[in-house]
Amino acid sequence: MLCFLYGLFNKLNPMQETKLMTEQESLEIIQSMIQKAKASYHDKGISSLLWGSVVTIASLVSFTQKQYDFYIGFDIWLIVLFAIIPQIIISIKEGKEIKVKKYEDETIDTVWMVYGISIFCLVFYQNITPNVSNNIIKNEGWQLTKHFINNLQPDVIITPFVPSIFSLYLILYALPTLVTGVTKKFKPMIFGAIVCYAMFIVSCFTTSKYDMLCGAVAAISCWLIPGIILRKKYLKSKAANV
Amino acid sequence: MFKDLDPILHSQLRLAVMSLLIGVKEAEFTFIREKTNSTAGNLSVQVNKLKDAGYIDVAKKFKDNYPLTTCKITKQGIDAFELYVKNLQGYLKVK
């Protein structure tokens with residue numbers, strides 16, 4: 001009777017202490033547990049969806065404003081700034097749910113944090129340097145003017161600007177996306193980053209209006225589509241576990 | 001001549017715990033229990049054995065007023081695990 005109960009216990013509880021293992025079984029346990037640890041975390045895709053949507057909307061609205069010459073009344077890129085609030089809430093909530101911390105996740109989080117800081121620096125650079133440069137050249141006693149070669153229009157005084165600044169944003173968009181894609185072996189993000197680099201090259205040859213379209217394509221391929229795929233995967237795995 | 005396999009690691013549940021922890025920075029007790037499909041009592045005993053051997057660090061704290069136990073592999077644990085795998089490979093090659 002005791003033997004029967006012991007056998008039953010062994011069957012019901014495969015991971016218990018007393019059972020002797022062969023070397024082959026040891027190897028199987030190691031392989032199986034390493035696989036389980038690897039597959040333990042599924043990105044919910046919410047952050048990718050959030051940033052993919054926000055940057056796509058901002059880029060498309062910017063393009064539409066320039067194309068049809070109107071202004072919506074506020075800088076559409078402010079929505080990117082406001083998207084930081086839900087992102088913080090999402091990060092805190094997801095952080096609480098995580099039961100296992102992986103080295104690769106920490107590295108990826110750091111890369112995204114550095115990306116955020118770099119984007120902020122680029123925005124700062126874009127907004128500050130034209131005025132600073134203007135003051136410097138004014139102090140030097142000269143000014144920048146737009147001169148029409150055909151002389152049909154008078155010269156116009158202009159403020160210094162960074163040519164095709166949006167191309168620099170596109171380089172930055174690709175960086176954390178490619179790191180995440182390669183580290184997580186997530187092909188949609190690798191593909192998205194490649195598309196983003198392609199958009200960077202295109203944007204070097206286009207006006208700032210069409211750079212916005214390049215930005216929208218980059219945001220859709222880098223974050224929106226991978227976000228949809230991640231979300232679907234997460235919901236599927238959640239449904240399978242119920 | 002074969003080297004003996006480390007008796008601390010040559011046990012199903014302890015080996016499973018170490019295999020889980022080898023690839024992660026740290027893991028919660030509930031995560032390990034879930035992945036190893038073990039009972040809390042049994043896992044607790046094995047975790048303590050690994051802790052006493054110096055193979056893992058166990059930290060107990062509170063999260064949202066609930067006790068939270070996290071486990072982390074130590075340098076000694078990594079070395080022991082690597083040696084175990086090396087010795088295991090020796091056995092398997094001959095067979």
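Couple of notes before you dig in:
- In the range B:47-95, of all residues being of a type in the set (Asp, Glu) and either more than 13 Å from chain A (Cβ to nearest Cβ) or part of a strand (DSSP E or B) (or both), the one that is least open to solvent (accessible area, probe 1.4 Å) corresponds to B:Asp79.
- Qualifying position, being charged (D, E, K, R), open to solvent by less than 60 Å² (accessible area, probe 1.4 Å) and away from chain B (no Cβ under 14 Å), among A:Glu94, A:Glu140: A:Glu94
Here's the yes/no breakdown for (1) under 30 Å from B:Lys86 (Cβ atoms); (2) touching a residue at least 24 places away in the same chain (Cβ under 8 Å); (3) open to solvent by less than 50 Å² (accessible area, probe 1.4 Å):
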| position | (1), (2), (3) |
| --- | --- |
| A:Lys38 | yes, no, no |
| A:Gly45 | no, yes, yes |
| A:Thr56 | no, yes, yes |
| A:Val61 | no, no, yes |
| A:Gln67 | no, yes, no |
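- The residues of the range B:23-36 that are within 7 Å of another protein chain (Cβ to nearest Cβ), in a helix (DSSP H, G or I) and either at positive phi or open to solvent by 40 Å² or more (accessible area, probe 1.4 Å) (or both), listed by number, are B:Thr30, B:Lys35.
- Scanning the range B:1-14 for residues that are at the interface with another protein chain (Cβ under 8 Å from one of its Cβ atoms) and either without any contact (Cβ under 8 Å) to a residue 12 or more places away in the chain or open to solvent by 10 Å² or more (accessible area, probe 1.4 Å) (or both) gives B:Leu5, B:His10, B:Gln12, B:Arg14.
The values are calculated or read from the model by the stated rules, or taken from the named source; none is laboratory data. Please read these numbers as outputs of a predicted model, since none were measured by experiment. Because the Cβ atoms are built from the backbone with ideal geometry, glycine has one as well, and the counts that use them run over all protein chains shown. These accessible areas exclude ligands, DNA and RNA; they are computed on the full protein's heavy atoms, side chains included. Shrake-Rupley method; radii C 1.70, N 1.55, O 1.52, S 1.80 Å.
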